[in-house]
1. List every residue whose amide H lies under 5 Å from the amide H of Val334, counting only residues 5 or more places away in sequence or on a different chain, with H placed 1.01 Å from N in the peptide plane.
2. Can you quote the Å³ per residue value for the convex hull of the Cα atoms in the range 215-275, rounded to an integer?
3. Helix 97-108: angle to the longest alpha-carbon principal axis of the chain, degrees 0 to 90, nearest 10?
4. Please compute the contact order of the chain in relative form: average sequence separation of alpha-carbon pairs under 8 Å and at least six residues apart, divided by the residue count, as a percent.
5. How charged is the neighbourhood of Val244? Take every other residue with its Cβ under 13 Å from the Cβ of Val244, and add Lys/Arg as +1 and Asp/Glu as -1.
6. Between Ser61 and Arg353, what FRET efficiency follows from the Cβ-Cβ distance if R0 is 41 Å, with the result rounded to 0.05?
7. Given charges of +1 on the Cβ of Lys and Arg and -1 on the Cβ of Asp and Glu, with all other atoms neutral, how large is the dipole of the chain about its Cα centre, in debye to the nearest 20?
8. Suppose each label sits 7 Å from its Cα in the direction of the beta carbon; what would the Ser277-Arg239 distance come out to in nanometres?
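The values are calculated or read from the model by the stated rules, or taken from the named source; none is laboratory data. The structure presented is a predicted model; accordingly, all values stated were derived computationally and were not measured. Here the Cβ positions follow ideal geometry from the backbone for every residue, glycine too, while neighbour counts run over all protein chains shown. Quick note on the areas: whole protein, heavy atoms, side chains included, nothing else; ligands and nucleic acids left out. Shrake-Rupley method; radii C 1.70, N 1.55, O 1.52, S 1.80 Å.
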Amino acid sequence: MFMGAMAIDARRGDDASQPEDLFACAGPSEQLRFNAAISPALPAFCDQADRLGWSGREPSSLTFLEADAEVERLSGFFRSLGLRENAIVAVALPNSTEACLTIVALDRAGLTPAFLPVATARETAAQLVESLAAAGVVTQSQIAYLRPASDWRDVAAGYFGLRFPMAFGPGVPDGLIDLDRAASGFGEVSEITPQSADAPPSGFVTFETQDGNLRPVFRSWKSAIAATRLFLATAGYRRGDRVVSLLAQDDFRSLATGLLASLASGSALVAHGLFSSRALMESLADEARTLIVAPGWMEADLARLELSANVANIVLVHRAPVRFKARPPLTHGVVDALAFGETALLAKARDARGQFALSLEPIDGSGEAEALLEARRDETGRISFRGPAAAVSAFGASQADDSSGVWRRSPFAAEIFAGIVIGVSAIDGV
């Protein structure tokens, strides 16, 4: 017997900045092209100012039109590799303009990114790419003391199926394709090639931790954009905003609150790949309306900063399991986003007293026939989800578009007090 249920639809106010056409776009490639057409001169992707010191690369700042041109060059190179439709390409990049461009370019080239954190141990990375039969990897030569390109060269040497190890420079080691050079010769604008009728939906692969192991899961771009639409209904990104993200774009929660949210709202994603309070304050000095996206555990650190008036919201992205404090350090202008693994994302602004307001109560929708996300909680507290925004499946399983009607049991139980979620605990060994 189920004790509670909720249904969520996207809400759009009179000043909503997300055109329906953007939400109708199938993936990030089409969304970028849409933005390049309607707002070509607006900033799209920017790096933190001090990235040269930890990456050996100068910071980059691209408008939507410039980003679209860069994506076209990069996707042209990816297409030249001759990989099959929806072939898996691992992506191990820090939060950066290169990460944004790579993700969009892989979508435009008809390939499937599989996201791995850059700090993934070499042995684990080798096992994962082999289990996915990944044909390539995109990484970077230097990230502070890490040398991911050298590690991936060793992985490729042990797994011959990884035919195309690629990296952004400087100092790309022998045995890897230097993407800065290889993609420079491509630039002719092409049409986005439609998928064949029998191809599975385009999307991406992330990893769910279960029983101490990493389990690959697939989510279509359609599902990810549905989740992003829900998030934006609460977070309030607007066209022309600056979204300063401290989350690497390497899992569902970071994409839905970062890259995809920025593309769907027409806002600029300012990517911080290595945290520095000085670099953060420099990013916040811009006069444009700004939002900060940060992991929930950084709340106390952010509370100590003197933020300028142009910071409209702070989005704290929590990952279950979690327990919320009765008196959080930050109060006003905070949106809490709670990720239930790779399955679902709930978001809610804090109330007038600055208290957590995440709940499992129904949220009034926009009158659409189908709720984007539904949740139910059984007598043990375990939460299940269904709907387009939760249409995730085990990698290799059926990836049909109609999978949004299936209830998916999460490995988490919610603790409710006065209708508010005060904590989420893990079950089943997570």
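1. Ile314, Arg350
2. It comes to 81 Å³ per residue, whole-number rounded.
3. That helix lies at roughly 90 degrees to the long axis.
4. Working: 974 pairs, mean separation 82.0, N = 430.
Rounded, it is 19 percent for the chain.
5. -2
6. The calculated FRET efficiency here is 0.60.
7. Value, rounded to 20: 760 debye.
8. 3.8
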